1. Among the helices (runs of 4 or more DSSP H) contained in segment A:202-297, which hold 3 or more residues that are of a type in the set (A, V, I, L, M)?
2. Any chance segment A:23-33 includes a residue that's more than 9 Å from every other protein chain (Cβ to nearest Cβ), small (Gly, Ala, Ser), more than 29 Å from residue B:75 (Cα to Cα) and open to solvent by 10 Å² or more (accessible area, probe 1.4 Å)?
3. Within segment B:238-264, work out how many residues are under 18 Å from the mean Cα position of the chain (by Cα) and more than 24 Å from residue B:316 (Cα to Cα).
4. Give the residue that is surrounded by the fewest Cβ atoms within 10 Å (Cβ to Cβ), with candidates limited to residues of segment B:196-219 that are more than 9 Å from chain A (Cβ to nearest Cβ) and in contact (Cβ under 8 Å) with a residue 40 or more places away in the chain.
5. Does residue A:97 meet the test of being within 14 Å of another protein chain (Cβ to nearest Cβ), within 26 Å of residue A:67 (Cα to Cα) and within 15 Å of ligand 2 (Cβ to nearest atom)?
6. Being open to solvent by less than 10 Å² (accessible area, probe 1.4 Å) and within 7 Å of ligand 1 (Cβ to nearest atom) is the filter here; which residues of segment A:115-140 pass it?
7. What number goes with the only condition from (1) within 16 Å of ligand 1 (Cβ to nearest atom); (2) touching an Asp or Glu at 6+ places or on another chain (Cβ under 6 Å); (3) open to solvent by less than 10 Å² (accessible area, probe 1.4 Å) that residue A:77 does not pass?
8. If a residue counts only when it is surrounded by fewer than 24 Cβ atoms within 10 Å (Cβ to Cβ), which helices (runs of 4 or more DSSP H) contained entirely in segment B:1-110 have at least 2 such residues?
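The values are calculated or read from the model by the stated rules, or taken from the named source; none is laboratory data. The shown structure was predicted, so the numbers you read here are calculated from the model rather than taken from an experiment. Note that we place each Cβ from the backbone using ideal geometry, even for glycine, and neighbour counts take in every protein chain shown. Please note that ligands, DNA and RNA were not included when accessible areas were found on the heavy atoms of the full protein model with its side chains. Shrake-Rupley method; radii C 1.70, N 1.55, O 1.52, S 1.80 Å.
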Amino acid sequence: MNMKDLPDKELFTSGHTACPGCAAPIVVRNVMKILGEKTLVYNPACCLLVFGGTYPWVAWEVPYHHVAFENTGACATGMTRALKRMDRDDCTVLGMAGDGGTADIGFQALSGAAERNEDILYLMYDNEAYMNTGIQRSGATPFGAWTTTTPAGKVIGGKEQFKKDVAQIMLAHAVPYVATANLAYPADFLRKVEKAKNMKGFRFLQVYSPCPTGWRADTDSAIKLSKMAVETGLWTQWEADHGVVKINAKPKFTPIRDYLKLQGRFAHMTDEQIDVLQEWVKKKWERDEKWLGALSE
Amino acid sequence: MVKRVVTGNYAAAHGAKISRAEFVAAYPITPQTFIVEHISEFVNDGEMDCDFVRMESEHSAMSAMVSAAATGVRTFTATASQGLALMHEILFIGAAIRLPLVMPVVNRTVAAPIGIWAEYNDTMPQRDTGWMQVYVEDNQEVLDMVLQAYRIAENRDVLLPMMVNLDAFILSHTVEPVDLYGYEEADKFLPKYEPHVHLLPEDPMAIGTFTPPEYIQELRYQTDAAMEASKKVIGEVNKEFADLFGRDYGGLIEEYRTDDAEVVLVTLGTVTSTARKVVDDLREEGKAVGLVKLRFFRPYPTDELRAIADRVKAVGIYDRSIAFNNGGPSFIEAKSALYGYTIPIVNFLAGIGGRDVFYSDVKLMFETLLEAASKGEAEKDVIWMSTRGVDA
Ligand SMILES: Cc1ncc(C[n+]2csc(CCOP(=O)(O)OP(=O)(O)O)c2C)c(N)n1
Ligand SMILES: [Mg+2]
């Protein structure tokens, strides 16, 4: 499928209530165009649940289901298994969860579903915090970032830990497909979603999803920040097709300072903190190249 | 009739099989484990045509149940104690989105202290989740109620999930002769599953969306009305089952020798069997005692209890768990149902943590009730039976 082949028909329609500049509806809208009408969506508690429709309205034009926050892997299991019992092999089950619902509270259900190799496409839209509840830190929040639970205080400024690499943990589950994707690379994004769609078994996509509200950034900055995340090396674009890894883009290692300064969540960071994060990027890339590289063909 | 000597857990697993549950998601916990082990054997031996998913937790098991039922299949799981506590969050959701889930719960004490024996502090706190709850007395009733549970839960006037509660070890691990009927008989009673909702692209539904206050109050009202409506359905299903299988459980409650009784004891679960014997013996002595087996805790048989209270001079309520500082949960419910009555209502707490409830304990309950009836009042309204540190 090419960009120009994407159908006009919207399966995630306008009228949703996402904040201005939010990347998540762009992700959903395009993912749904690629996956098509024969898709069942499970959505845990997260921003998407709320902005995707308030009863009696809903922006989804496909079967849509919510149960709770920490159970995307389990609910999607119930859906895919029930479909098989009903002789429906023609549908895709998409579990679409936030970084909190994936990296933290939902991790057990995610790991269980991956270990059982359930026939699910799991998409983690990563806005690097619990946005729905008002910007609290998650395991996927980067070092130094301000959130409402990691405030820029007089003694401690922002998050003290580094971002958890969920995609690499999923790679260790040896599932058919694991990839990271990013809206600033639309052809790569489309290719990965389509590839995941056409596979069976457990597929995991981690998609970078800027949140101007929570990141204290301009509402037109989502795509720019997406690109800078890759160019700085903060975000590694890679995929693993049945365990064979490919790093899709080599960073330019532009200084992270340029990326940080566009976002109020990093405004308080000291030079030392920025140095710590810059050093982390270097080490992360070395590790990615070594670990992921070892699994390439 | 094929009578076989089986445990309560086997009866529950057999019930899932002949009910043609299509999807089972479960996680093992003592004393429920044999249920999932038997189902594993049925499936691996090709005797049961279902998709059995060995989940990674009870929270996930209940989540998968809800979503499989929403997609459109008949579901089954079983749990106990800590497992039920872990499911708690999702129990509300299964009921509120009106899914006919069926789940035996092997009643076991909830820690601390950690123990594995019978107590109702696992199921009683689930009262307000919207699940129907039936407490059974023997292994035959385990099987029969699994089958009936589907009929009641799937009834379009009800559409609520049901727990079938059986006492840890006393039933779960104890063998009894059970009429272990098969698919043929079950099929006559329980038709093929027809889902009332589904998640299919031809007819997309949104199940479980974010909902503002403008609608939630009506939704709660509808669930409340469905719980009320289930009473009639429970009676009808009981009758139909009795006509077909020859076993009449009485519906919401079973009355035993209550006709001219002056006092009645309201029991739940296996203590009922002991109480039957005590009633028989006291009747021999000319004492006008009767027994009410409280089968359903939700829906609660308010009218039935009031009709009995109209005729008796004292009512005793047996509880196997405690709602701290206010007696047991069954006692609290009974007092609420019998509001306005001036007869003594006495609570007996016994068997907690799985301690045996002896014939002598139950006899003492009746003697206490007879004394309260003659005096027109009870000395104490909450009595901890044979409990160290409590003045007798
Ligand atoms: C068991 C439970 N704990 C907490 C919450 C509150 N809660 C709802 S959404 C959410 C954060 C979601 O964060 P994430 O998954 O990153 O999605 P986002 O809102 O950022 O898109 C939290 C904490 C909940 N709904 N359920
Ligand atoms: Mg988030």
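1. In segment A:202-297, A:222-232, A:271-294 are the helices (runs of 4 or more DSSP H) which contain 3 or more residues that are of a type in the set (A, V, I, L, M).
2. No, every residue in segment A:23-33 fails to be more than 9 Å from every other protein chain (Cβ to nearest Cβ), small (Gly, Ala, Ser), more than 29 Å from residue B:75 (Cα to Cα) and open to solvent by 10 Å² or more (accessible area, probe 1.4 Å).
3. 4
4. Step by step, filter segment B:196-219, then rank; the result is B:196.
5. Judged against the criteria, residue A:97 is a match.
6. A:125, A:129, A:138
7. Answer for residue A:77: the failing condition is (1).
8. B:8-18, B:33-44, B:81-96
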